[in-house]
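Colleague: Right, I'll just put the structure down here and ask away after.
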Amino acid sequence: MNKKSLFILFSFWLLTSCKKEQPKIQPQTLYKEVATVDDRKTITPEEAKTYHNDTHRQYEYRTGKPGHYEYNYDVSGTNAIGDSVSGNINIQGKYGAGILIDMAGGEIEITAEWIDYGKLKGVDKEGNEYHLEVN
């Protein structure tokens with residue numbers, strides 16, 4: 001075997017035997033999976049491009065594109081012992097987050113979930129539940 005053939009054979013072996021597993025690349029999206037408490041504080045420049053206010057709807061405003069809308073609602077309701085609360089939440093799909101104000105004026109961060117038309121269940125960090133309705 002000549003040197004050229006040996007070099008070609010060695011190169012072929014090197015290329016086929018030393019394959020590294022390629023890292024899996026996760027597709028990136030502009031859309032968040034779930035709305036967070038911080039979402040209701042500001043509207044990003046990207047969200048401002050799709051800001052929509054409709055006085056005939058219950059939401060305060062929405063941002064996003066079809067299939068990926070995020071809605072902002074004023075809500076009111078009660079905690080588990082019947083005390084009144086009110087606040088503001090952002091919802092994307094079935095889930096969201098927001099801030100409630102209790103009777104003493106304290107702020108409560110919650111996650112929220114639609115349970116019926118215009119009705120949500122909120123849960124704070126301590127696991128306390130809130131029964132809420134869209135205003």
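The values are calculated or read from the model by the stated rules, or taken from the named source; none is laboratory data. In this text, all values refer to a predicted model and were calculated from it rather than measured experimentally. For neighbour counting, all protein chains shown are included, and Cβ atoms are generated from backbone atoms with ideal geometry for every residue, glycine included.
Colleague: Pairs please, first residue from segment 117-129 and modelled with pLDDT under 95, second anywhere and among the β-branched types (Val, Ile, Thr) and surrounded by 14 or more Cβ atoms within 10 Å (Cβ to Cβ), Cβ atoms under 6 Å, 6+ apart in sequence or on different chains.
Modeller: From residues that are modelled with pLDDT under 95, the pairs are Gly118/Val134.
Colleague: For segment 98-113, how many residues are surrounded by fewer than 21 Cβ atoms within 10 Å (Cβ to Cβ) and under 18 Å from Gly127 (Cβ atoms)?
Modeller: The first filter runs over segment 98-113 and keeps only residues surrounded by fewer than 21 Cβ atoms within 10 Å (Cβ to Cβ), leaving 99, 101-109, 111, 113.
Remaining after also requiring under 18 Å from Gly127 (Cβ atoms): 99, 102, 106-109, 111, 113.
Of the residues in that region, 8 qualify.
Colleague: So, one more: Hey, can you tell me all the residues within segment 65-116 that are modelled with pLDDT under 95, among the charged types (D, E, K, R), in contact with a strand residue (DSSP E or B) (Cβ under 9 Å, 6 or more places away or on another chain) and within 21 Å of Glu47 (Cβ to Cβ)?
Modeller: Glu70, Asp74, Lys94
Colleague: For Leu30, are the conditions met, namely being touching a helix residue (DSSP H, G or I) at 6+ places or on another chain (Cβ under 9 Å), loosely packed, with under 12 Cβ neighbours inside 10 Å and modelled with pLDDT under 70? Before you say what the answer is, go through the steps one by one.
Modeller: Values: touching a helix residue (DSSP H, G or I) at 6+ places or on another chain (Cβ under 9 Å): yes; loosely packed, with under 12 Cβ neighbours inside 10 Å: yes; modelled with pLDDT under 70: yes.
The answer is yes for Leu30.
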